[in-house]
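S.K.: Quick one: this structure, given as structure tokens, is what I'll be asking you about.
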Amino acid sequence: MDQNIIDRTVRTEWFRKDRFGMFIHWGLYSIPARGEWVRSTERISVEDYEPFFKEFNPVDYDPKEWARIAKNAGMKYAVLTTKHHDGFCLFDSKLTDYKSTNTPCGRDLVREYVDAFREAGLKIGFYYSLLDWHHPDYPHYGDRNHPMRENPAYSNENRDFSRYVEYLHGQVRELLTNYGKIDIIWFDFSYDDMAREKWHAAELVRMARELQPGIIIDNRLEGSGEQSGTILTAHPSDYAGDFACPEQMIPPEGVTNELGDSVPWEACITLNDNWGYSAADHHYKSSRMIIRNLVECVSKNGNLLLNVGPDSKGRFPEESVRILEDVARWMRDNHESVYGCRQADYPKPEWGRYTQNGKKLYAHIYEETMGAVCLKGLAGKIDHMRLLKDGSEVFQLNHWNVREYPEDAFLSFQKGQILTFPLPDEKDTVVEITLK
Ligand code: GLC
């Protein structure tokens, strides 16, 4: 087998077990509060964005509280935007003045995040934007995304991209040197010819792995939410990354490569419709939907990286906290059906989904069925069944009305009852089926 595939399989072992992480998009854009692309969508110049830099002061930033919320929700790792596309750094980089320590806040926010999340036992991820709309050597006019892309006054004549690449490599070196063990680096993203060796990707990956042996790298030195790159091939490049990261969608059948083998993947999903804080966006998903999204990812061998966009004071939006509290309650009772689980050996059932861990098959029942719940093809294969949340007995039904289906098993929550009952948990009722 291809060495890069073998290596990524080893590196991602914990990642493929942990399944659930928190994405955090935070920066100056939390002040205009119209999402992290605000400079680009509204064509805001560096000068017109400057007031937010002069003002940035998240007095309520309490990363221990963030870590508590994440851990409570059952998340095992986190990924924080150390620098997003606007170029503003939440860390004390020696290579720029455009950083949190030079705002009224005066703090290295990354350091505090690392300390708090590590103390809580969560694995540490850094998001780092390959794009940089603040750096003078990054292409402006004519670029696909730059805020000044339509403004010929920002021509690229005197821009030296190699200086930007040096800056990018230098900052990654800082991030991977100054903060102890880092578990994930999440580069974002490649587009047009701004991809692969344009970033000096081979050298960058070599450096990252040298500084942080075992670090997991995403696939966006080649790809983006639009396309995954050579990670889907039988011979991924040296910078193809360790996992694919579909964005705002869950792949219909998980992610497999051209050989048909499962590729580690992580769907990144927002709680409302924005990554960065957006004051007017109250279009939040229900906790039920989030729980089912997580289960869907796991049922297809994937992870969920769920985003929170803290406001300019450093607080998580109230709605996000409320959803995560619901998720926490469900995860407290049902986490065994997530951690260490994978795609089941049985096809997706009509009433919900399966996840599996060895001899434990978890039935995630979403829909009330007419009569007993049909477990297709499971006749004779079940040792016993328990409601996962309280360990109480769940029953197999062998009544007259199911006898014409000898291949299938039938599940009932009440002994001997052939009729439907309301599901114990309308978000996702999990039955642990221990197979023989
Ligand atoms: C993107 C966006 C971005 C966000 C990211 C998350 O490619 O540019 O704002 O950080 O995806 O996946």
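The values are calculated or read from the model by the stated rules, or taken from the named source; none is laboratory data. Bear in mind the structure is a predicted one, so any value in this text is a computation, not a measurement. Cβ: placed from backbone, ideal geometry, glycine included. Neighbour counts: every protein chain shown. We work out accessible area using only protein heavy atoms, side chains counted, and drop any ligands, DNA or RNA first. Shrake-Rupley method; radii C 1.70, N 1.55, O 1.52, S 1.80 Å.
S.K.: Evaluate the following for GLY87: is it within 16 Å of the ligand (Cβ to nearest atom), buried (at least 18 other Cβ atoms within 10 Å of the Cβ) and more than 22 Å from VAL38 (Cβ to Cβ)? Walk me through it before giving the result.
M.R.: Numbers: within 16 Å of the ligand (Cβ to nearest atom): yes; buried (at least 18 other Cβ atoms within 10 Å of the Cβ): yes; more than 22 Å from VAL38 (Cβ to Cβ): no.
In short, no.
S.K.: Output the number of the condition that TYR179 fails; it satisfies all remaining conditions of (1) in a loop (DSSP other than H, G, I, E, B); (2) within 16 Å of the ligand (Cβ to nearest atom).
M.R.: In the conditions (1) in a loop (DSSP other than H, G, I, E, B); (2) within 16 Å of the ligand (Cβ to nearest atom), TYR179 misses (2) alone.
S.K.: Considering (1) part of a loop (DSSP other than H, G, I, E, B); (2) open to solvent by less than 20 Å² (accessible area, probe 1.4 Å), say which one ASN334 fails and leave the rest.
M.R.: (1)
S.K.: Right, next: Going by the conditions given, is GLN356 part of a loop (DSSP other than H, G, I, E, B) and either farther than 22 Å from HIS335 by Cα or in contact with a strand residue (DSSP E or B) (Cβ under 7 Å, 6 or more places away or on another chain) (or both)?
M.R.: Numbers: part of a loop (DSSP other than H, G, I, E, B): no; either farther than 22 Å from HIS335 by Cα or in contact with a strand residue (DSSP E or B) (Cβ under 7 Å, 6 or more places away or on another chain) (or both): yes.
So GLN356 does not fit the description; no.
S.K.: Follow-up question, since we're still on this one. Within segment 402-417, track down each residue that is more than 41 Å from the chain's Cα centre (by Cα), within 17 Å of MET385 (Cβ to Cβ) and in a loop (DSSP other than H, G, I, E, B).
M.R.: Once the filter is applied, which keeps residues that are more than 41 Å from the chain's Cα centre (by Cα), within 17 Å of MET385 (Cβ to Cβ) and in a loop (DSSP other than H, G, I, E, B), segment 402-417 yields GLY416, GLN417.
S.K.: Another question, if that's okay. Only one of MET22, MET1 is modelled with pLDDT under 95 and either more than 16 Å from the ligand (Cβ to nearest atom) or open to solvent by less than 10 Å² (accessible area, probe 1.4 Å) (or both); which? Write out each step before concluding.
M.R.: On the way: MET22 fails: modelled with pLDDT under 95.
That would be MET1, the only listed residue that is modelled with pLDDT under 95 and either more than 16 Å from the ligand (Cβ to nearest atom) or open to solvent by less than 10 Å² (accessible area, probe 1.4 Å) (or both).
S.K.: Taking the residues in segment 262-277 that are free of Cβ contacts under 8 Å to residues at least 40 places away in the same chain and either open to solvent by 20 Å² or more (accessible area, probe 1.4 Å) or part of a loop (DSSP other than H, G, I, E, B) (or both) as candidates, determine which candidate is farthest from the ligand (Cβ to nearest atom).
M.R.: VAL263
S.K.: Something else: So which residues in segment 59-112 are among the basic types (Lys, Arg) and either modelled with pLDDT under 95 or closer than 22 Å to ASP218 by Cβ (or both)? Write out each step before concluding.
M.R.: Taking segment 59-112 and keeping what is among the basic types (Lys, Arg), we get 64, 68, 71, 76, 83, 94, 99, 107, 111.
Within segment 59-112, LYS76, LYS83 qualify.
S.K.: Assigned by TED's automatic domain parsing to the domain that holds TYR128 and either within 26 Å of ILE290 (Cβ to Cβ) or open to solvent by less than 10 Å² (accessible area, probe 1.4 Å) (or both), is that true of ASP218? Write out each step before concluding.
M.R.: Numbers: assigned by TED's automatic domain parsing to the domain that holds TYR128: yes; either within 26 Å of ILE290 (Cβ to Cβ) or open to solvent by less than 10 Å² (accessible area, probe 1.4 Å) (or both): yes.
Here the answer is yes, as ASP218 does meet what is asked.
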